[in-house]
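Peer 1: Take this structure first; my questions come after.
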Amino acid sequence: MNETTDQRHAATNAAPVLIHLLKGVLYRDQHETQWQTLEHHLAAVRDYFSVIGLQLIVDEAEGYAFLRQREPTEEEKIPLPHLVQRRQLSYPVSLLCVLLRKRLVEQDAGGGETRVVSSREQMVEMMRVFLPAKGNDAKTIDQINRHINKLVDFGFLRSLKGQDNQFEVRRIIKALFSADWLAD
C-alpha cells in the first residue's frame, strides 16, 4: 500500500472518532474505545482535519480532545469558511466558567483529587457575589440554574448519576478559558 491508501484506510477506521470530534469534545473516560482509536490513528486524524481547516487539540494528561478552527496560513489565498461554531457566552455564563476554572486551578495546586465536583448550591453561592442584588431571591436562583444547565449542555459540566444536584467540572474549561483568554 502507498501512503495515500494508508491514510485513507486509517481515516476510514477512525470514522467514528472523526464524527464524534465534529460533534463535540471526545473524553477518554466516556468513550474509551474511540479514545484508543484516536491514539492509534492520531497522525491520520490530524491530517484529515488539517485539510478542512481544523486543528485537533489533544490533551493526553487531562483526557480530552476537541477541534479548533485553524488560523489561515499566508499561502492560502482564500480563507476557509468556519466549520467550528463560536458561541457567544453571556456575562453570567462566562463568569461561571471563570469561577469553575478557578476551582480547577486551586484543586490542581493543592494536589490530591483531580476531579472537581460542585453542587448546584455551591455554584449559586459563587455567582451571587458577582451579580447585582435583587429583591427576588428565587428569580436570581432560577437564572443561575439556567446558566448551570447551559454549561451542562455545552459539556463544561457533567451531571453525576444518582446525585441530582452534583456536577463534575470538566477539565476542558481550562483549555477553552485559558489564561490568555482571561487576560483579554
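The values are calculated or read from the model by the stated rules, or taken from the named source; none is laboratory data. From a predicted model like this one, the values you see are computed outputs, not experimental measurements. Note: ideal-geometry Cβ built from the backbone for every residue, glycine included; neighbour counts use all protein chains shown. The area values use the complete protein model at the heavy-atom level, side chains included, leaving out ligands, DNA and RNA. Shrake-Rupley method; radii C 1.70, N 1.55, O 1.52, S 1.80 Å.
Peer 1: Quick one: count up the residues across the stretch 46-88 that are within 16 Å of PHE177 (Cα to Cα) and surrounded by 12 or more Cβ atoms within 10 Å (Cβ to Cβ).
Peer 2: Residues that pass the stated criteria total 10.
Peer 1: For SER159, which of the numbered conditions (1) open to solvent by 50 Å² or more (accessible area, probe 1.4 Å); (2) hydroxyl-bearing (Ser, Thr, Tyr); (3) touching a residue at least 40 places away in the same chain (Cβ under 8 Å) fails to hold?
Peer 2: Checking SER159 against (1) open to solvent by 50 Å² or more (accessible area, probe 1.4 Å); (2) hydroxyl-bearing (Ser, Thr, Tyr); (3) touching a residue at least 40 places away in the same chain (Cβ under 8 Å), the one that fails is (3).
Peer 1: For residues that are under 23 Å from LYS161 (Cα atoms) and touching a helix residue (DSSP H, G or I) at 6+ places or on another chain (Cβ under 8 Å), scanning just the stretch 104-114, find the one that is least open to solvent (accessible area, probe 1.4 Å).
Peer 2: Step by step, filter the stretch 104-114, then rank; the result is LEU104.
Peer 1: I would also like to ask the following. Output the qualifying pairs, or none if there are none: Cβ atoms under 7 angstrom, residues six or more apart or on different chains, first residue in the stretch 90-115 and free of Cβ contacts under 8 Å to residues at least 24 places away in the same chain, second residue exposed (fewer than 15 other Cβ atoms within 10 Å of the Cβ).
Peer 2: Within 7 Å, the pairs are GLN107/GLU113.
Peer 1: Can you give me the ranges of the helices (runs of 4 or more DSSP H) entirely in the stretch 1-104 with at least 1 residues that are at pLDDT 85 or above?
Peer 2: Per the criteria, 15-23, 32-40, 42-51.
Peer 1: Can you confirm whether the stretch 92-100 contains a residue that is of a type outside the set (Val, Ile, Thr), more than 14 Å from the chain's Cα centre (by Cα) and open to solvent by 70 Å² or more (accessible area, probe 1.4 Å)?
Peer 2: The answer is no; no qualifying residue exists.
Peer 1: Give the residue that is most open to solvent (accessible area, probe 1.4 Å), with candidates limited to residues of the stretch 163-180 that are closer than 15 Å to ARG120 by Cβ and of a type outside the set (A, V, I, L, M).
Peer 2: ASP164
Peer 1: Still on this structure: Restricting attention to the stretch 105-138, and to residues there that are charged (D, E, K, R) and closer than 21 Å to TYR91 by Cα, which single residue is modelled with the lowest pLDDT?
Peer 2: Here the residue is LYS134.
Peer 1: Looking for whichever is in contact with a helix residue (DSSP H, G or I) (Cβ under 8 Å, 6 or more places away or on another chain) and under 30 Å from ILE19 (Cβ atoms) here; the options are ILE141, ILE78, ILE173. Which one fits?
Peer 2: ILE173
Peer 1: Any idea which residue in the stretch 93-115 is farthest from ILE148 (Cα to Cα), counting only those that are touching a strand residue (DSSP E or B) at 6+ places or on another chain (Cβ under 8 Å) and among the hydrophobic types (A, V, I, L, M, F, W, C)?
Peer 2: Applying the filter and picking the extreme gives LEU104.
Peer 1: Considering only the stretch 123-142, how many residues are closer than 21 Å to GLN166 by Cβ and either open to solvent by 90 Å² or more (accessible area, probe 1.4 Å) or not in a helix (DSSP H, G or I) (or both)?
Peer 2: Result for the stretch 123-142: 1.
Peer 1: Please find, within the stretch 143-152, the residue that is nearest to ARG170 (Cα to Cα) out of those that are surrounded by fewer than 17 Cβ atoms within 10 Å (Cβ to Cβ) and under 22 Å from the mean Cα position of the chain (by Cα).
Peer 2: VAL152
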